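The structure under discussion appears below in the form of C-alpha cells.
The values are calculated or read from the model by the stated rules, or taken from the named source; none is laboratory data. The model shown is predicted, which means the values in this text are computed figures rather than measured ones. Positions of Cβ are backbone-derived with ideal geometry, glycine not excepted, and every protein chain shown enters the neighbour counts. Just so you know, the surface numbers come from the protein's heavy atoms only, side chains and all, with ligands and any DNA or RNA stripped out. Shrake-Rupley method; radii C 1.70, N 1.55, O 1.52, S 1.80 Å.
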Amino acid sequence: MRILVIEDDVNLNRQLTDTLKEAGYVVDQAFDGEEGHFLGDTEPYDAIILDIGLPEMDGVTVLEKWRGAGRGMPVLILTARDRWSDKVAGIDAGADDYVTKPFHVEEVLARIRALIRRAAGHASSEIVCGPVRLDTKSSKATVNGTALKLTSHEYRLLAYLMHHMGEVVSRTELVEHMYDQDFDRDSNTIEVFVGRLRKKMGVDLIETVRGLGYRIQAPKHAN
C-alpha cells in the first residue's frame, strides 16, 4: 500500500515516513503544498497524510483542489492549531480524518489503517479470504492459522489484492501501489512475486485473468 506524506517539518516527515515503512507501507514524501498537490494529483496513493500549515500552498487549498478534480483517495490531515475552526475547514474541504499535533505515531498508523480499510469496504482490522487471514494491524498473514513468512514485497502484493478482494487488479496498478516514485518499476516482477506468493500460501486463491491482471477471492464453497 502506497502512502504520501506531506509535511514541511523535516524531522516529523522523516519520523512518519520511517514508521510507515517499518509497518510495510511504500512511502513518498513532499515538503510543501505545491509539490504535495502535484504528487497527489498525478500518482495513485492508497492514503495521504497532509499537514494543514504548509508553505507554498496550504493544506486546505491542496485538499480542495484534489477534491475539485475528483481525486477521492483517503486523506488524514495534521494540524498544530487548537482552533476547532481549522479542523472543520479541513473536514469541509474533504478530509476523511484528522490528528492534532503533538501526536503519537501509533495513532497516525491506526487511523491510516482504518482509512484504507474503509475505502476498500472493510470494517475490521482483519481481512479474511477463505483460509487466508490478513491482520492489517500487525502486518502479518496466516493460512489455516499457520503464519506465512513473506518478504515486504510479497506482503504488499497480498495486502493490496486482499483489500480489493474479488476485483481484477492489473499489473500496472500493482506496480504503482507497491513501489515508490523513485523505484525502477518493472511489471514483469509482479509475475515473479505472484508465483512466490502462491507457492508459500499453498492454496489456489490468486487467479490470473488473462490480459487483465490478477484477482483473489475465496472458494465458492467457503463461508
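Remarks
- Taken per residue, the accessible surface of region 10-54 reaches 38 Å², heavy atoms only and a 1.4 Å probe.
- Whole-number percent relative contact order across the chain, with pairs defined as alpha carbons under 8 Å at least 6 apart: 16
- Computed [θ] at 222 nm, deg cm²/dmol, the chain (DSSP H ≥ 4; -39,500 (n - 2.57); rounded to nearest 500): -12500 deg cm²/dmol
- Per-pair calculated FRET efficiency, R0 = 25 Å: GLU34 and ILE91 via Cβ, rounded to 0.05: 0.65
- For the residues ARG210, ARG118, ARG196, a GNM of the chain with alpha-carbon springs under 10 Å puts the largest fluctuation on ARG210.
- Where region 71-183 is the region considered: accessible area per residue in Å², 1.4 Å probe: 49
- Over region 116-179, the ratio between the Cα radius of gyration and 2.2 N^0.38 Å evaluates to 1.07.
- Charge dipole magnitude, Cβ of K and R +1, D and E -1 - the chain, Cα centre, debye nearest 20: 1420
- Accessible carbon and sulfur surface of the chain relative to its total accessible area, %, 1.4 Å: 47
- In loop segments of region 124-223 as defined by DSSP, the chymotrypsin sites (Phe, Trp or Tyr not before Pro) with at most 13 further C-beta atoms inside 10 Å of their C-beta are PHE183.
- Assigned charges on the beta-carbon of Lys, Arg, Asp, Glu; region 124-214 dipole about Cα centre (debye): 440
- Cα gyration tensor, region 35-104 - rounded (a/c under 1.5), prolate or oblate: prolate
- Listed by chain and number, the aspartates and glutamates placed with their C-alpha closer than 14 angstrom to that of LYS101 are GLU7, ASP8, ASP9, ASP51, ASP82, ASP86; residues fewer than eight positions away on the same chain are left out.
- Computed lengthening from ASN11 to THR61, 0.36 nm per intervening residue step minus Cα-Cα distance: 15.6 nm
- Leading residue at positive end of dipole, the chain (Cβ point charges), from GLY166, PHE31, PRO102: GLY166
- Two-site label geometry, VAL192 and GLU106: point separation in nm, points 7 Å out along Cα→Cβ: 3.7
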